[in-house]
Amino acid sequence: MYQPTPVLTKKNILLGLESVSRDEAIKRAGELLIEDGYVSEEYLPAMFEREKIVSTYIGNGVAIPHGVGNARGLIKKSGIVVFQYPNGIDYNGNTCYLVIGISGKDNDHIKILSNIAEQLGEIEKAEEIWKTTDIEHVYELFVNGEEQ
């Protein structure tokens, strides 16, 4: 029986990370997407290319780095990786606590972005995720949000 690959796995939720530079956070997210087979290696430069065009910081302490539009062919399957920086990182002049790397196959990226925005659109909810030490809580927030 066909089992679709989950978009988010618990091992791809990393909490309590030490603050790093914006570029290091993007690199880390891209490398994990590559390592787990969501994207090919050429996707990482496309993530930095996107950042040159427009910041992927969306507000409420959240950034969603992803590749530019012409990188669609580099995506093997839809996936999300979540990195929490409780002390924040400087992300284009904003303090960012969550870096959520995404790869969306076909038009999944719109659904993924919409779900993240819905789940973290309220500052109180976003702050809760900035501070939690409970991977299960983060996982449930995103997975249950997808199914609604």
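All of the numbers you see were taken from the coordinates with simple rules; none came from a lab. A quick note: this is a predicted structure, and the numbers were derived from the prediction, not measured. All Cβ positions, glycine included, derive from the backbone under ideal geometry; neighbour counts span all protein chains shown.
Which value, in debye to the nearest 20, describes the size of the charge dipole of the chain about its Cα centre when Lys and Arg Cβ atoms bear +1, Asp and Glu Cβ atoms bear -1, and nothing else is charged?
The calculation lands at about 380 debye.
Run the helix sum for the chain: -39,500 (n - 2.57) per DSSP H stretch of 4+ residues, divided by residue count, reported at 222 nm to the nearest 500 deg cm²/dmol.
Mean residue ellipticity, 222 nm, calculated: -12500 deg cm²/dmol.
Antiparallel as a % of all DSSP beta bridges within the stretch 10-147, to the nearest 5?
Expressed as a percentage, antiparallel bridges in the stretch 10-147 total about 75.
For the stretch 1-117, compute Rh as the Kirkwood radius over C-alpha pairs and then the Stokes-Einstein diffusion coefficient at 10 °C and 1.306 mPa s; write the answer in µm²/s, rounded to an integer.
On the way: Rh = 14.0 Å.
This corresponds to a translational diffusion coefficient of 113 µm²/s.
Please list, ordered by chain and number, the residues whose modelled amide H lies under 5 Å from the amide H of Lys105; skip anything fewer than 5 residues away on the same chain.
Here the answer is Ser78, Gly79, since their amide H atoms fall under 5 Å of that of Lys105.
Along the charge dipole of the chain, pointing to its positive end and built from +1/-1 on Cβ of Lys, Arg, Asp and Glu, which listed residue (Ile129, Leu44, Leu15) has its Cα farthest out?
Selected residue: Leu44.
Subtract the Cα-Cα distance of Ser19 and Glu41 from 0.36 nm times their separation in residues, and report this length gain in nm to one decimal.
5.5 nm
Mind sorting His137, His66 by how few other Cβ atoms lie within 10 Å of their own Cβ, fewest first?
His137, His66
Taking the Cα centre of the stretch 23-80 as origin and charging only Cβ (+1 Lys, Arg; -1 Asp, Glu), how large is the dipole, in debye to the nearest 20?
That gives the stretch 23-80 a dipole magnitude of about 240 debye.
Could you please report the charge total around Lys11, scoring K, R as +1 and D, E as -1 over all other residues with beta-carbon less than 13 angstrom from its beta-carbon?
-2
In whole Hz and in residue order, list the ³J(HN,Hα) couplings for the stretch 58-70 that follow from phi through the Karplus curve 6.51 cos²θ - 1.76 cosθ + 1.60, θ = phi - 60°; x for Gly and Pro.
Once θ is set to phi - 60°, the couplings for the stretch 58-70 become 9, x, 6, x, 10, 10, 10, x, 7, x, 5, x, 6 Hz.
From the cross-link list Lys27/Lys77; Lys10/Lys131; Lys27/Lys76; Lys10/Lys77; Lys77/Lys125; Lys52/Lys131, which pairs have alpha carbons spaced over 22 Å apart?
Among Lys27/Lys77; Lys10/Lys131; Lys27/Lys76; Lys10/Lys77; Lys77/Lys125; Lys52/Lys131, the Cα-Cα distance tops 22 Å for Lys77/Lys125; Lys52/Lys131.
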